[in-house]
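Undergrad: Let me begin by handing over the structure; questions about it come next.
The values are calculated or read from the model by the stated rules, or taken from the named source; none is laboratory data. In this text the structure is predicted, and so the values were computed from the model without any measurement. No Cβ is skipped: glycine too gets one built from the backbone with ideal geometry, and neighbour counts run over all protein chains shown.
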Amino acid sequence: MSETLESLNPINDLARLGDDGLEAKAPARPHSAGAHQPETRNDWQTAEIVYLLKAPLLDLLDEARAVHQQHHADGQVQLASLLSIKTGACPEDCKYCPQSAHYTKKTGLEREALLDVDDVLAKAQIAKDAGASRFCMGAAWREVKDGPAFDSVLDMVRGVRALDMEACVTLGMLSEAQAQRLAEAGLTAYNHNLDTSPEFYKEIITTRTYEDRLDTLANVRGAGMEVCCGGIIGMGETIEDRARLLQELATLDPHPESVPINALVPVPGTPLEEQPPVEPLDLVRMVATARILMPASLVRLSAGRAALTREAQILCFLAGANSIFYGDQLLTTANNDVDDDLALIEEAGLRIKPA
Ligand code: SAM
Ligand code: DTB
Ligand code: SF4
């Protein structure tokens with residue numbers, strides 16, 4: 001813990017930290033296993049995380065940067081390209097999501113059937129040629145169903161791995177046996193987000209529970225795959241909700257290997273279309289706190305990046321983001337221009353993680 005952050009007296013600073021009655025508490029110093037590799041913790045308390053999220057920004061950045069350099073001295077950023085392999089008509093009611101069938105009348109989003117394996121692999125090759133080392137495929141499904149569609153996804157995974165890229169999929173809920181089949185196909189990681197705190201969750205999604213999500217994460221872990229799990233800010237949650245989301249993530253043991261931090265993209269026609277834009281420095285704080293809590297994880301600056309200035313993105317890298325979605329499109333919404341991204345990475349002095 002940096003001296004500046006540690007020296008803040010949590011009692012005296014409570015007024016400055018906020019008047020919401022939260023008992024913000026200075027984080028305990030992680031046990032040191034050696035001068036340069038402090039052990040990771042899985043026992044983070046809500047109050048400690050609130051304290052970090054509300055700390056003076058420069059102190060928070062100093063601390064996050066110190067943790068980052070201990071664990072990621074190489075300055076690499078992972079470029080992960082994303083493709084929607086099955087779009088729209090999802091039976092779930094996630095209020096942020098343009099792909100939910102509940103909002104199609106208002107969003108007007110066209111549904112698309114599962115793409116052909118060859119078309120997907122051609123897109124993966126293009127992403128690899130452009131510098132991506134990871135290819136992520138998303139399907140607007142509530143859950144995986146055994147059958148020809150899942151068999152095709154397994155072929156996509158095998159094909160992406162044969163290109164020497166990391167493969168990630170996000171297909172909704174997953175059984176133990178399905179997780180096993182994905183692992184056997186060579187899947188590197190499964191993305192399944194907790195999205196928000198357990199308390200705020202029911203305001204956002206009613207068609208499946210937080211517990212369902214944790215069960216899927218356990219199935220992914222049980223099959224020996226990496227877990228990619230994060231959430232979204234800007235949906236009307238409190239700082240404590242953000243802390244509780246990060247706490248859920250950082251008390252998973254082991255931590256998720258990658259943690260996507262999304263800022264809501266308020267898509268017209270979704271129930272969250274009127275949400276005010278996320279304050280960029282709130283995103284910086286979220287990234288920095290994720291970095292401190294989960295030192296070895298990849299923290300991925302995800303949806304919402306297209307709304308950030310170059311300077312705000314650089315602050316996110318400084319705060320510990322070391323992966324981005326790379327490519328003109330996320331799933332259904334626009335992402336940053338690839339040439340702009342390459343120029344930004346160069347200017348920030350980052351190095352692209354090789355395939
Ligand atoms: N259907 C699968 C599921 O929900 O697990 C996979 C696809 S879903 C679109 C993947 C993630 O994208 C969601 O969990 C959510 O975190 C993120 N997401 C979706 N719409 C978003 C939006 N408008 N803004 C920010 N993140 C969004
Ligand atoms: C994640 O956390 N963010 C990505 C990926 N995992 C699948 C998805 C963002 C979707 C943003 C809205 C859209 O493009 O449809
Ligand atoms: Fe469906 Fe996933 Fe969108 Fe929820 S986030 S509506 S589960 S595609």
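Undergrad: Quick one: in region 83-109, of everything that is in a loop (DSSP other than H, G, I, E, B) and among the aliphatic types (A, V, I, L, M), which residue is surrounded by the fewest Cβ atoms within 10 Å (Cβ to Cβ)?
TA: Top of the filtered list is ALA89.
Undergrad: If a residue counts only when it is in contact (Cβ under 8 Å) with a residue 24 or more places away in the chain, which helices (runs of 4 or more DSSP H) contained entirely in region 121-208 have at least 3 such residues?
TA: Once the helices (runs of 4 or more DSSP H) in region 121-208 are filtered for at least 3 residues that are in contact (Cβ under 8 Å) with a residue 24 or more places away in the chain, what remains is 148-162, 176-184.
Undergrad: Need at least 1 residues that are of a type in the set (S, T, N, Q) and assigned by TED's automatic domain parsing to the domain that holds GLU166 per element, so show me which strands (runs of 3 or more DSSP E) inside region 257-338 make the cut, counting only ones lying wholly within it. It would help to see each step written out before you state the result.
TA: Details: elements: 258-263, 298-301, 323-325.
Where strands (runs of 3 or more DSSP E) fall fully within region 257-338 and carry at least 1 residues being of a type in the set (S, T, N, Q) and assigned by TED's automatic domain parsing to the domain that holds GLU166, they are 258-263, 323-325.
Undergrad: Now, a different point. Given the criteria of a type in the set (Ser, Thr, Tyr), out of contact with any strand residue (DSSP E or B) (no Cβ under 6 Å at 6 or more places or on another chain) and buried (at least 18 other Cβ atoms within 10 Å of the Cβ), does THR216 qualify? Write out each step before concluding.
TA: On the way: of a type in the set (Ser, Thr, Tyr): yes; out of contact with any strand residue (DSSP E or B) (no Cβ under 6 Å at 6 or more places or on another chain): no; buried (at least 18 other Cβ atoms within 10 Å of the Cβ): yes.
No; evaluated as a whole, the condition is false for this residue.
Undergrad: Here is a follow-up. Quick check on my filter: what residues within region 314-337 are within 16 Å of ligand 2 (Cβ to nearest atom) and either farther than 18 Å from ALA124 by Cβ or surrounded by fewer than 19 Cβ atoms within 10 Å (Cβ to Cβ) (or both)? I'd like the intermediate steps shown before the answer.
TA: Restricting attention to region 314-337, the residues satisfying the condition of being within 16 Å of ligand 2 (Cβ to nearest atom) are 316, 321-337.
Answer for region 314-337, where residues must be within 16 Å of ligand 2 (Cβ to nearest atom) and either farther than 18 Å from ALA124 by Cβ or surrounded by fewer than 19 Cβ atoms within 10 Å (Cβ to Cβ) (or both): CYS316, ALA321, ASN322, ASP328, GLN329, THR332, THR333, ALA334, ASN336, ASP337.
Undergrad: Which residues, counting only those in region 106-127, are under 30 Å from TYR210 (Cα atoms) and either under 22 Å from the mean Cα position of the chain (by Cα) or not basic (Lys, Arg) (or both)? Outline the logic, then answer.
TA: Of all residues in region 106-127, those under 30 Å from TYR210 (Cα atoms) come to 106-115.
If the condition is that a residue be under 30 Å from TYR210 (Cα atoms) and either under 22 Å from the mean Cα position of the chain (by Cα) or not basic (Lys, Arg) (or both), then THR107, GLY108, LEU109, GLU110, GLU112, ALA113, LEU114, LEU115 are the ones that fit.
Undergrad: For region 339-355, which residues satisfy the criterion of being surrounded by fewer than 11 Cβ atoms within 10 Å (Cβ to Cβ), at pLDDT 90 or above and not in a helix (DSSP H, G or I)? If you could, list the steps in order and put the result at the bottom.
TA: Narrowing region 339-355 to residues surrounded by fewer than 11 Cβ atoms within 10 Å (Cβ to Cβ): 339, 347, 349, 354.
Still in the running and at pLDDT 90 or above: 339, 347, 349.
Residue satisfying the conditions is GLY349 alone.
Undergrad: Could I ask something else about it? Outside any loop (DSSP other than H, G, I, E, B), farther than 16 Å from LEU246 by Cβ and modelled with pLDDT of 50 or more: does that describe ARG65?
TA: yes
Undergrad: Does GLY304 count as over 18 Å from GLY75 (Cβ atoms) and buried (at least 20 other Cβ atoms within 10 Å of the Cβ)?
TA: Details: over 18 Å from GLY75 (Cβ atoms): yes; buried (at least 20 other Cβ atoms within 10 Å of the Cβ): yes.
It is true that GLY304 is over 18 Å from GLY75 (Cβ atoms) and buried (at least 20 other Cβ atoms within 10 Å of the Cβ).
Undergrad: Within region 78-120, can you find the residues that are among the β-branched types (Val, Ile, Thr) and modelled with pLDDT of 95 or more?
TA: Residues of region 78-120 among the β-branched types (Val, Ile, Thr): 85, 87, 104, 107, 117, 120.
Result: ILE85, VAL117, VAL120.
Undergrad: Inspect all residues belonging to region 177-190 and state whether any of them is under 28 Å from PRO266 (Cβ atoms) and of a type in the set (Asp, Glu).
TA: To start, the set of residues in region 177-190 that are under 28 Å from PRO266 (Cβ atoms) comprises 189-190.
Cutting the leftovers down to of a type in the set (Asp, Glu) gives us none.
No, because not a single residue in region 177-190 is under 28 Å from PRO266 (Cβ atoms) and of a type in the set (Asp, Glu).
Undergrad: In region 128-174, what count of residues is obtained for those that are farther than 30 Å from THR206 by Cα and over 20 Å from the mean Cα position of the chain (by Cα)?
TA: Here the count works out to 14.
Undergrad: Quick check: is even one residue across region 248-255 within 15 Å of ligand 1 (Cβ to nearest atom), touching a Phe, Trp or Tyr at 6+ places or on another chain (Cβ under 7 Å) and modelled with pLDDT of 95 or more? Before the answer, list the steps.
TA: Here is the first cut: in region 248-255, the residues within 15 Å of ligand 1 (Cβ to nearest atom) are 248-249.
Next, from what is left, pick out any that are touching a Phe, Trp or Tyr at 6+ places or on another chain (Cβ under 7 Å): none.
No.
Undergrad: If you take the residues of region 191-214 that are in contact with a Phe, Trp or Tyr (Cβ under 8 Å, 6 or more places away or on another chain) and within 10 Å of ligand 3 (Cβ to nearest atom), which of them is nearest to CYS229 (Cα to Cα)?
TA: Applying the filter and picking the extreme gives ASP195.
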